[in-house]
Every structure is written in C-alpha cells, then in structure tokens.
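Report on the following structure.
The values are calculated or read from the model by the stated rules, or taken from the named source; none is laboratory data. It should be emphasised that the depicted structure is a prediction, and the values quoted were computed from it without experimental measurement. With ideal geometry, Cβ positions are generated from the backbone for all residues, glycine too; neighbour counts draw on all protein chains shown.
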Amino acid sequence: MEKNKTVLSGMRPTGPLHLGHLAGALRNWIKFQDEYQCYYSIVTWHALSSEYQNSRAIKKNTFEVAADWLSIGLDPQKSTLFIQSEVKEHAELHLLLSMIIPLPWLQRVPTFKEMQKELKEKEINTYGFLGYPVLQTADILMYKANVVPVGEDQAYHLELAREITRRFNRLFGKVFPEPQMMLTEVPKLAGTDGRKMSKSFNNSINLKDSPEEIQDKISTMMTDTKRKRRKDPGNPDDCPVFTLHKAFVSKTKREEIIRGCRNAGIGCVDCKQVIIDTLIKELSSFRKKRKIYEKNPDLVWEILEQGNLKAREKARATMEEVRNKIGF
Ligand code: TRP
Ligand code: SF4
C-alpha cells in the first residue's frame, strides 16, 4: 500500500483509556496504520494546560496511555508513537504561530468558554489554555498531516487549524498542506451510571479492567428504567447497557436482543451477559499484552523513545523550512 498521505492525531494523558476511546478513536487509528503514514502523539502539554495543578500525574498517565496503545494494536513498526513534550519543536512552532493568530480567533473558540465553565475548580483562564488550539495546530502542521481523525468535539479546533494554515501559507509561502478533518463516528457510550462514559464522571469501563471488574460494572448498570420486572417489555433505545451492544456486539446478535427486549423474551441479566462475554473476549489478548508491558515498563519507555526520535527527525526538517520561509 502506498502510504503517501500522513495522518496525525493525539490523546491527552489523563488516565487509563476506556471503551469510548476504543470505539471512538483507537479502532480507526489501528486501521489507518495500513493506509497512511501515521503519527500518534501523547499530548502531554495539552494535558498540562488543564492539569497543571496535578502535573506529576502526567508522566504516569503517559505510561498508561502508551501501554494501552501498544496492547490494543498500535504498532511502533507501522506508526510513529511519540510524546509531544519530547519533541521541543512543537513549542517553537506554537510560538511562531501565536504571532500570526488574531486574538479573536481564539477567544471565540466554543470549547474555551465551555471548558472554563465545566472545569471551574481548575482555574484554566490561562494564556496556555487560550492557546490550546494553537498547540494542536502545531502538532498537526509539524508532520504536514493531510488527514486528522477526530471526534465531533474537535471540529472547531480543526476548522481553526485550517484557517491558521491558510494564513501561514499566505504570509510566508506555502509550507503546509491544509489538513483535512476526518470526522470519525463516535458512538455514544453510556458509563456505569447511565451518563456519557467519561473519565471525569468516574463511570468508565477501562480497557485494562479485569474480567471480574467488567462483570461487576456491567451487572450493576442501570437498564431501561421502564423495564421493572422480567415480564415487562423494554426498549433498547432507552437503555444505557444497549449503547455498549451497539458498539461491540455483532449485528445479528444485536437484532436478536432488540426483539427479545421488546417482547420480554430475554431478561436483562442474560442480555448483560452477552455484552460482558463479548467484551471479556474482545479484550483478552489486550490484557495479556498489557501485563507484559506492566512488568517491563522500560520496554514501553524505550518504544516511545524510538518514536520520539523519528518524530524529531521530521520535526527538525519542518522547522528548518519554517525558519527559512520566515526569513530567520
Ligand atoms: N485536543 C485533542 C483532544 O482533546 C487532542 C489533540 C492534541 C489532537 N493535538 C492534536 C487531536 C492534534 C488531533 C490532532 O482530543
Ligand atoms: Fe437493556 Fe438488554 Fe434489559 Fe433491554 S434487555 S432493558 S437492552 S439490558
């Protein structure tokens, strides 16, 4: 396969990854490895922008993300897996881009205001947080990425990245391809409490959960609240558990469940067991690999260091070109 296009994406190291990351991003990322030249970054500086009061957790979380990535199937032979803050060129490009971005472009970013409201206790009314999308743009441009797979929540950041790219190219000459946003379909997974699965709600089913944890978490999950007794019919569309079926269970099995739920042919216990068994099976080779990495953390750090080296090489070339165009 001719890999003449480059993909870049990133994840913030805020903790172990959960089923939402798998269904919404990682599955696609794994597939892209055979179709594109892929750069996947653990974006430590982005994590720092909201977690600076707990900065020491970022390194541990970087390990968690890397171990999850490697165990689920991101392959350092195929992709460049690297730590953003180990490639200092990102900071330089961020700085240079910051010179050409009119302030209102950043002030009108919806996530800037939303996140401030949501994360009030974190005091993220900072210069660094305002520049979050600028840093993201630097990540993308550094590798001249053509395609950036992201979920809907990142759409505005990508629009902005494209705008910044055009402005840079217009001012200094064409250096960067305009990155295309690839909106990946992100299934809306419910967490154990029925709300959206998210680390901040503490309701996630993590990739590294043991079979027992998966069993426990799903067994106690809410179901369609109108289905109170076994003989009451239910509606999968109103059931948090069924959001997991949608993302992980085969279509034929799912259709069986829809019928069984609607006519009270199956009970919730059996229905839950289907998804529990599916997940435990789907994650079995993941768990084995992850144990190996947990026992040999140096192996993980070594793989990342190799990725950092590869990323740096490309970053160095890009920055040389950038400095030239600017006239430095
Ligand atoms: N902001 C992205 C998120 O929260 C993470 C990210 C950082 C990213 N740099 C990126 C995504 C570059 C795509 C491309 O999900
Ligand atoms: Fe939900 Fe399954 Fe129970 Fe229907 S049978 S309410 S889909 S858990």
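Residue by residue through the range 260-292, note down the ones that are surrounded by fewer than 19 Cβ atoms within 10 Å (Cβ to Cβ) and over 30 Å from Arg230 (Cα atoms).
Answer for the range 260-292, where residues must be surrounded by fewer than 19 Cβ atoms within 10 Å (Cβ to Cβ) and over 30 Å from Arg230 (Cα atoms): Ser284, Ser285, Phe286, Arg287, Lys288, Lys289, Lys291, Ile292.
If you check Ile326 against the conditions, is it touching a residue at least 40 places away in the same chain (Cβ under 8 Å), among the aliphatic types (A, V, I, L, M) and more than 15 Å from ligand 2 (Cβ to nearest atom)?
Yes; evaluated as a whole, the condition is true for this residue.
Return only the number of the condition from (1) near ligand 2 (Cβ under 10 Å from one of its atoms); (2) of a type in the set (Lys, Arg); (3) in the same structural domain as Gly73 (by TED's automatic domain parsing) that Arg262 does not satisfy.
Going through (1) near ligand 2 (Cβ under 10 Å from one of its atoms); (2) of a type in the set (Lys, Arg); (3) in the same structural domain as Gly73 (by TED's automatic domain parsing) one by one, Arg262 breaks only (3).
Yes or no: the range 75-98 includes at least one residue that is outside any helix (DSSP H, G or I), in the same structural domain as Gly307 (by TED's automatic domain parsing), touching a residue at least 24 places away in the same chain (Cβ under 8 Å) and among the acidic types (Asp, Glu).
yes
Go over the candidates Ala25, Ala67 one by one and state the one that is assigned to a helix (DSSP H, G or I), touching an Asp or Glu at 6+ places or on another chain (Cβ under 8 Å) and crowded, with 19+ Cβ neighbours inside 10 Å.
Checking each option against the conditions leaves just Ala67.
So that you can scan it fast, the table gives a plain yes or no per residue for (1) buried (at least 19 other Cβ atoms within 10 Å of the Cβ); (2) farther than 30 Å from Asn296 by Cβ:
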residue: Gly73; (1), (2): no, no
residue: Ser85; (1), (2): yes, no
residue: Leu93; (1), (2): yes, yes
residue: Ile100; (1), (2): no, yes
residue: Leu103; (1), (2): no, yes
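So Thr225 clears everything in (1) more than 30 Å from Asn28 (Cβ to Cβ); (2) in a helix (DSSP H, G or I); (3) not aliphatic (A, V, I, L, M) except one condition, right? Which one?
Among (1) more than 30 Å from Asn28 (Cβ to Cβ); (2) in a helix (DSSP H, G or I); (3) not aliphatic (A, V, I, L, M), the lone unmet condition for Thr225 is (2).
Could you list all residues from the range 241-259 that are closer than 19 Å to Lys188 by Cα, in a helix (DSSP H, G or I) and more than 8 Å from ligand 2 (Cβ to nearest atom)?
Selection gives Thr243, Leu244, Lys246, Ala247, Phe248, Lys251, Arg254, Glu255.
Somewhere in the range 239-246, is a residue surrounded by fewer than 18 Cβ atoms within 10 Å (Cβ to Cβ), among the hydroxyl-bearing types (Ser, Thr, Tyr) and not assigned by TED's automatic domain parsing to the domain that holds Ser85?
No, the conditions are met nowhere in the range 239-246.
Scan Pro177, Pro133, Pro149 and give me the residue that is surrounded by 15 or more Cβ atoms within 10 Å (Cβ to Cβ), modelled with pLDDT of 95 or more, away from ligand 2 (no atom under 16 Å from the Cβ) and in a strand (DSSP E or B).
Only one candidate passes the filter, namely Pro149.
Just for the range 306-317: of the residues that are loosely packed, with under 15 Cβ neighbours inside 10 Å and in contact (Cβ under 8 Å) with a residue 40 or more places away in the chain, which one is nearest to Val87 (Cα to Cα)?
Filtering the range 306-317 for residues that are loosely packed, with under 15 Cβ neighbours inside 10 Å and in contact (Cβ under 8 Å) with a residue 40 or more places away in the chain, the one nearest to Val87 (Cα to Cα) comes out as Arg316.
Being out of contact with any helix residue (DSSP H, G or I) (no Cβ under 6 Å at 6 or more places or on another chain), among the hydrophobic types (A, V, I, L, M, F, W, C), modelled with pLDDT of 95 or more and surrounded by 16 or more Cβ atoms within 10 Å (Cβ to Cβ), is that true of even one residue in the range 188-206?
Scanning the range 188-206 turns up no residue that is out of contact with any helix residue (DSSP H, G or I) (no Cβ under 6 Å at 6 or more places or on another chain), among the hydrophobic types (A, V, I, L, M, F, W, C), modelled with pLDDT of 95 or more and surrounded by 16 or more Cβ atoms within 10 Å (Cβ to Cβ).
Given the conditions (1) closer than 27 Å to Thr318 by Cα; (2) outside any loop (DSSP other than H, G, I, E, B); (3) aliphatic (A, V, I, L, M); (4) away from ligand 1 (no atom under 12 Å from the Cβ), report the number of the one that Ala47 does not fulfil.
It is condition (4) that Ala47 fails.
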